[in-house]
Amino acid sequence: MQRTQEFDYIGKNILRVRNELGVSQKELARRAGVGAASISKVEKGRSTSAISIIVKLAIALGVPVSLLVDNEEQYSTKQAVFFYKKFGGINHLPGKDQLLIKEYIDRLRRSRAMR
């Protein structure tokens, strides 16, 4: 995928997720601490500095960055928000437990992809 196509795709993902969560551009800009014009540019794929903003937007939307940048929709926005809230904070767990959780999630993703 070319760089402009990547930014276009990411912008469309951000727009889709924002709309699914019922968040306006103005509200997202406030939450992320960026200008509303920046949100508009990113959603239209016109911002080449989007990477620095994408992390802020993901945090502001309460979703993993992968949901905004991954070109394979493996789960819905609501599922991603749920998993992010439930499992986003596994870093405090022992490494072995983190690995088990990640392996389980990977198995779920693979089984879903086979359907």
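None of Ala37, Ala29, Ala80, Ala58 is in contact with a Pro (Cβ under 8 Å, 6 or more places away or on another chain) and modelled with pLDDT of 70 or more except Ala58. When the range 1-25 is limited to residues that are of a type in the set (Gly, Ala, Ser) and at pLDDT 90 or above, the one that is farthest from Ile39 (Cα to Cα) turns out to be Gly22.
Just checking, how many residues over the range 40-53 are of a type in the set (Ser, Thr, Tyr) and either at pLDDT 90 or above or under 16 Å from Arg16 (Cα atoms) (or both)? Qualifying residue count, the range 40-53: 1.
The values are calculated or read from the model by the stated rules, or taken from the named source; none is laboratory data. Remember, it's a predicted structure, so these values are computed and weren't measured experimentally. With ideal geometry, Cβ positions are generated from the backbone for all residues, glycine too; neighbour counts draw on all protein chains shown.
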